[in-house]
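Scroll down for the structure; my scribbles are underneath it.
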Amino acid sequence: MTGREIPKRRDARSATVAVTGLNATDNPGPGVAVIRALRADPDFRGRIVGLAYDSLDPGIYARDLCDDVFLVPYPSRGSEALLGRLDYIARRVGAIDALIPTLDAELAGFIALEPQLRRRGVHTLLPSRAQLDARSKVNLAELGAAAGFDVPHTCVLSSPRDLYTLHEQIPFPLVIKGLYYGATVVHDVTAAFAAFHRIVAEWGYPVIAQQLVAGEELDVLAVGNGDGGLVGALPMKKTTLTDKGKGWAGVTVRDPHLLELAARFVEHTQWRGPCEVEVMRTRDGRYYVIEINPRFPAWCYLSAGAGMNLPYAVLRLALGDAVEPLCSYEVGTMFVRIALDQIASLEQLSAITQHGELAVTSEERVA
């Protein structure tokens, strides 16, 4: 497929959809949950292409997920390398009708490629670069002041020297965060230095320090239509956390204030696509927005289970369908993750490692 072609848009029910983020570990990417939600919708009969960054991403070997899996270059390789790989994949599978990126670090690259993808008939539902930057941890406090929601006091650190005077602005204990991932609660300067250098080694600068807000952690999965409208929002309370602070179990809740926060963010930013609003509710009933993630969370399959299938709504919106606002969901629907052993063959590992692609046979899909 060349960049000059504009293939006809396909119906969402029979579309070929590419989804990234198959790293389903104890700190899982959202891709597996997005694919499961698409498969769960009774209307969807399309084809799913998994895009993985590592040959040992567990989602590659889940038999009931993808029809095909391809390795793609890491974001550090640049947009042109990614575009070339997507052109190759489109030729191999016939066409890619829609693409759903699910990882923070790759979004800027896909946003930059959106015009070229659209010319190739690959549809997305992504925020603009300005929207992406507005909700970043660096700019979250400014966004909160403009949109009218509370954000914990935040400092942006560009040097380890900043840690010596940090306590003058934010008292210990506080949270040290990376720009994309990672959050560590620290109680003194020594621990702050260790967390700072660990995050810089993994994710680089800047590093964010944020006031630690004690309370109950709540999350909202929301989808914006790009015109300030809220397509749907699902609030959830985490009931079990891993040692990395990731939700291992959670339950849908009814909380109008959480829905209002999501609607306020979407309206103020004109957000386009999925996002996750992370909130701390204090004992005195105040709500603090601690992060806004610009993609589906790893727990998004809960939306399908609760009767509000937001990944399928995103697919339909990306392909130009009119989607009425989704307002109802089943309160009290739980998710509980499970760790299990998948069986794969050395031939499969060899195929994805040596050739960068793996086709799942119909026999494997039904096994």
Going through the stretch 154-167 one residue at a time, which ones are surrounded by 15 or more Cβ atoms within 10 Å (Cβ to Cβ) and either within 16 Å of L179 (Cβ to Cβ) or assigned by TED's automatic domain parsing to the domain that holds T282 (or both)? T154, C155, V156, L157, D162
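Could you identify the single residue in A37, A81 that is surrounded by fewer than 16 Cβ atoms within 10 Å (Cβ to Cβ), part of a helix (DSSP H, G or I) and either without any contact (Cβ under 8 Å) to a residue 40 or more places away in the chain or in contact with a Ser or Thr (Cβ under 9 Å, 6 or more places away or on another chain) (or both)? It would help to see each step written out before you state the result.
Details: A37 fails: surrounded by fewer than 16 Cβ atoms within 10 Å (Cβ to Cβ).
Testing whether each residue is surrounded by fewer than 16 Cβ atoms within 10 Å (Cβ to Cβ), part of a helix (DSSP H, G or I) and either without any contact (Cβ under 8 Å) to a residue 40 or more places away in the chain or in contact with a Ser or Thr (Cβ under 9 Å, 6 or more places away or on another chain) (or both) leaves just A81.
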Which one is farthest from E202 (Cα to Cα), of the residues in the stretch 157-182 that are touching a strand residue (DSSP E or B) at 6+ places or on another chain (Cβ under 6 Å) and among the β-branched types (V, I, T)? I170
Can you find even one residue in the stretch 156-174 that is outside any loop (DSSP other than H, G, I, E, B), at pLDDT below 95 and touching a Ser or Thr at 6+ places or on another chain (Cβ under 8 Å)? no
Which ones in the stretch 178-203 are in contact (Cβ under 8 Å) with a residue 60 or more places away in the chain and under 22 Å from S76 (Cα atoms)? Y180, Y181
Within the stretch 326-351, residues surrounded by fewer than 12 Cβ atoms within 10 Å (Cβ to Cβ), touching a residue at least 40 places away in the same chain (Cβ under 8 Å) and outside any loop (DSSP other than H, G, I, E, B) come out as V336
List pairs: first residue in the stretch 1-18 and at pLDDT below 50, second residue exposed (fewer than 12 other Cβ atoms within 10 Å of the Cβ) anywhere in the structure, Cβ distance under 7 angstrom, at least six positions apart or on different chains. M1/R91
Restricted to the stretch 288-311, and to residues that are touching a helix residue (DSSP H, G or I) at 6+ places or on another chain (Cβ under 6 Å) and among the aromatic types (F, W, Y), which residue is surrounded by the fewest Cβ atoms within 10 Å (Cβ to Cβ)? Y301
With respect to A313, is the statement that it is in contact with a Leu (Cβ under 6 Å, 6 or more places away or on another chain) and assigned to a helix (DSSP H, G or I) true? no
Checked pairs for the stretch 298-325, first more than 29 Å from K246 (Cα to Cα), second modelled with pLDDT of 95 or more and basic (K, R), C-beta under 8 Å and 6 or more apart or across chains, list as V323/R316
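The values are calculated or read from the model by the stated rules, or taken from the named source; none is laboratory data. Remember, it's a predicted structure, so these values are computed and weren't measured experimentally. Neighbour counts are summed over all protein chains in view; Cβ atoms, including those assigned to glycine, are modelled from backbone coordinates with ideal geometry.
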